[in-house]
Amino acid sequence: MKMNEEFILFNEAYREIKHRALMQYPNEACGLLLSRWSDHAIEIASVADNKADGEEKAGYFKIDPIQLYEMEREIEEKGYEVIGFFHSHPDKQAVLSYADNKNMIPGMVYIIVSVTEDTVHDLRGYMKDTPEGDVYEIRIEEESIL
Amino acid sequence: MNVYISATLRNFFGRNAKVSVTASTVRGVLDFLIDEYPESKKIIFDESGEIRDFIKIYIGDEDNTSSDKWDRAIPQDTEVLLLPAIAGGAPNDSIISDERRKEVSFDDSEVERFGKHLLLREIGVKGQKRIKAAKVVIAGAGALGSAVIQYLAAAGVGTIKVVDFDEVFLENLQNQVIHTTRDLKRPKVASARDTVRNINRSIIFEAENARLDSENIIDIISGYDLVIDCTDNYKARYLINDACAFCAIPLVFGAIYQYEGQVGIFNLNGGPCYRCAFPAPPPAGLVPTCSEGGAISPLPGIIGSIQANEALKLIIGIGEHLDGKLLVVDSLYLHTRIINIEKDSKCPLCGEHPTITGVQEFDYDDFCGLKENQEEAAIEGFTPEELAKRIEDQDSITIVDVREPHERAILRFPNAIVIPIGQLVRRMNELNPDQDTIFICKQGQRSILAINTLREAGYTGPLYNLKGGLDAMKDIVFSHEGAWL
C-alpha cells in the first residue's frame, strides 16, 4: 500500500480542473489526467464530456468509452500517458462516493474537487491497488513556483 | 484479430496497447487474454465471475459488453476494444431534506447549547437544523443504546424513539451507562427517557416498551429518517434490516462481542443490506450472544459512539461514511479494519429477484434456528427444579458441563464432568449410555448443540438438556451444599 504517495499537480492542470468544475456547475465535470515525464506528475488535465443522462449530471458523471478511446489515441500521439481521472462534486465534499469507489480502476489516480457556484473549495486524490482492495488517500501537492 | 487495450488497463496486460489474438468470438478473446495475461482476470471479472461494471467491450462503435453477445462470430479483420467505463457519483446528500431543515428555528439557548457544532464549517447552522429536524429510532436501550441515545440527545436530535421490552437488571449496569442503580427493575425505556430529559427537555422522546416483532416493526419505524440497531441478537438484526429495506429507511448497524465490535450502514439509497453482508446467521447456540459471551465495559461505548457519529454524518450529509462497508474494531489489540460490502445481486431481500416480500411472511425464528418448541420436543430437558430434585435424591446421573474454563471459574457446578463441545465426540466413551446424562451451559443453548453433536456422532444413551441453563438455576439452594449455585 502506498498510503503517503505524493503526486505533483502542475499549475496548468489545476487551473483547467478548477475552470472546468466552475464552468460545468451545477453539473459534475470530468476528464483525464495526463503525464509525460513522470508517473507522479499530473501535467495536464484534459476535459471529457459528462455523458450522464440530463438531470443526473448534477450528481453523476460518465465518460463515453469511445470518446475515451479517441482521446487516448490523440494523447499517445503527443507522447502523453493517461494516469488517472478527475471529476467534481458540486455542492458536495471532495470525498469518494460509493459509486466512485465501485468504478475505480486499480493503479489509476482519482482527483475529486468540491465546487460551489463561484469557488473550488477542496481537492483530494485517491487510489486503490486491487479491485477489491481498500481505497487510500494520496497527497496531491500543487506545483510550486521556484 | 487485434485487441486494443485502453491505456488505463494496460498494467494488467504487460503494458501492451495491442494484443494479437486467435479467436472468433468475444468469449474466445477474453479466454485468450486471460490465458496470456493471468493478472487480467481479476480486472475483467469480479469474484463471482461476473464482468466488472467498469469494463466495456466494443467492436467498432458497438457495445458488446453484455455476455449474450459473446458467442457471436466476429470477422478476423475487426478490432476489439477493451475499454473502461469511467463513472462515478456525488456523495450522499443529507437524509433530511432542505424543506424540513428550513422549517426549523433556534432560540438563544440552543445557539449557546450547540455552539461547538455551529463552529464547525461542515455542520454550522444548516447542519444543526437538520439534526433538530431528524427523527431517529433506536432499537435497544442496552449497552450500545446507552451511548447512541445519550450522544444523539446531546447532539440535539429533535425526535428520538427508543424501543426496548426489558427491565434494568443489576448485571446491566456494568456497561449500560444510561441506567443507574436507582433504575433497577424499571423498564429500560423509562430509565432512558429520564436520562434524555435531564440532557435536554425539548427533545421529543418516544418510549416504546415493546419487543420488536414482525407484527409491530413496520408501524414502529414508519415515518422515521433513520434506524439504529443496538440489539444483541440475530433475529432482531434480520428483522430490523428487512423492515428498513421495505420502508426505505437507512440503518446504522452495530454489534459487540467480548473485545470486538462492528459498525456498518445498510439500506442507504439502494446500497447493500445486512443480508448482503451476512446471508444467514450462524447455527443457534454456536456463537454466544453478548450476554452469554461477555463484553468489556467501554466497548459498547466505543462502538455506540461510532454509530452515533455515523448517524449524525448521515443526517448532516457530510464526510465519508460506512455505507457499503463494515468497520471492525478490536479493542484488545487496538486493530481496526474496514471491510467492503458489495451489494449482492442474488440477495433474497434487495437483489435482482427478491424472494422475501414482507416481514410478516418470513419466519425469523426458523431462519435463526430459534424454533424452541421443535428443538425441545426433539431434545428432552429438565427444568432447574427437576434437576435439583434428582441431585437431592442422589440419583445415578452424569452431569456434563460444556462451558468454557473462564465461565466455570465464575460459577462451578459441583460433581459435573467437564467436556468442551469440541472434544465431545472424541471423549464420548467417558459417558455411560445406561445412565441419564444431563448437559449444562450458561443459557441452555450450547447444551442443545452438544446433545445434537453427540446424537449425530451415533451416541445412543439418554441425553437431557438443562432448560434455561445455569442462569435459570441461580436461585436454587441445595440443602447439602448450603450455597448458591
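The values are calculated or read from the model by the stated rules, or taken from the named source; none is laboratory data. The structure displayed is predicted, hence computed values, not measured ones. With ideal geometry, Cβ positions are generated from the backbone for all residues, glycine too; neighbour counts draw on all protein chains shown.
Data table
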item: Strands (runs of 3 or more DSSP E) lying entirely in the stretch B:155-232 (those with 2 or more residues that are of a type in the set (D, E, K, R), on the phi < 0 side of the Ramachandran plot and assigned by TED's automatic domain parsing to the domain that holds B:Ala141); result: B:204-208
item: All strands (runs of 3 or more DSSP E) inside the stretch A:18-70 with 2 or more residues being small (Gly, Ala, Ser); result: A:30-35, A:44-48
item: Matching residues in the stretch B:50-60 - criterion: being among the acidic types (Asp, Glu) and in contact with a strand residue (DSSP E or B) (Cβ under 9 Å, 6 or more places away or on another chain); result: B:Asp53
item: Residue within the stretch B:67-77 that is buried (at least 16 other Cβ atoms within 10 Å of the Cβ) and closer than 25 Å to A:Lys57 by Cβ present; result: no
item: Some residue of the stretch A:22-39 being within 14 Å of chain B (Cβ to nearest Cβ) and over 23 Å from B:Ala85 (Cα atoms); result: yes
item: The stretch B:177-191 - residue that is touching a residue at least 40 places away in the same chain (Cβ under 8 Å) and within 23 Å of the chain's Cα centre (by Cα) and, of those, surrounded by the most Cβ atoms within 10 Å (Cβ to Cβ); result: B:Lys188
item: Set B:Arg113, B:Arg130: member being touching a residue at least 60 places away in the same chain (Cβ under 8 Å) and farther than 30 Å from B:Leu212 by Cβ; result: B:Arg113
item: A:Asp64 vs. criteria among the acidic types (Asp, Glu), crowded, with 21+ Cβ neighbours inside 10 Å and within 26 Å of A:Glu12 (Cβ to Cβ); result: no
item: Some residue of the stretch A:83-94 being away from chain B (no Cβ under 13 Å), touching a residue at least 12 places away in the same chain (Cβ under 8 Å) and under 23 Å from A:Glu143 (Cα atoms); result: no
item: Wholly within the stretch B:390-479, helices (runs of 4 or more DSSP H) carrying at least 3 residues that are free of Cβ contacts under 8 Å to residues at least 12 places away in the same chain; result: B:405-410
item: Matching residues, the stretch B:321-342, being crowded, with 18+ Cβ neighbours inside 10 Å, assigned to a loop (DSSP other than H, G, I, E, B) and out of contact with any Asp or Glu (no Cβ under 8 Å at 6 or more places or on another chain); result: B:Ile341
item: Any chance A:Leu123 is closer than 26 Å to B:Gly319 by Cα, crowded, with 22+ Cβ neighbours inside 10 Å, more than 8 Å from chain B (Cβ to nearest Cβ) and of a type in the set (A, V, I, L, M); result: no
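Per-residue answers, yes or no, for (1) in contact with an Asp or Glu (Cβ under 9 Å, 6 or more places away or on another chain); (2) closer than 14 Å to B:Pro84 by Cα:
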{"position": "B:Asn16", "(1), (2)": "no, no"}
{"position": "B:Thr22", "(1), (2)": "no, no"}
{"position": "B:Arg27", "(1), (2)": "yes, no"}
{"position": "B:Pro38", "(1), (2)": "no, no"}
{"position": "B:Ile51", "(1), (2)": "no, yes"}
{"position": "B:Phe54", "(1), (2)": "no, yes"}
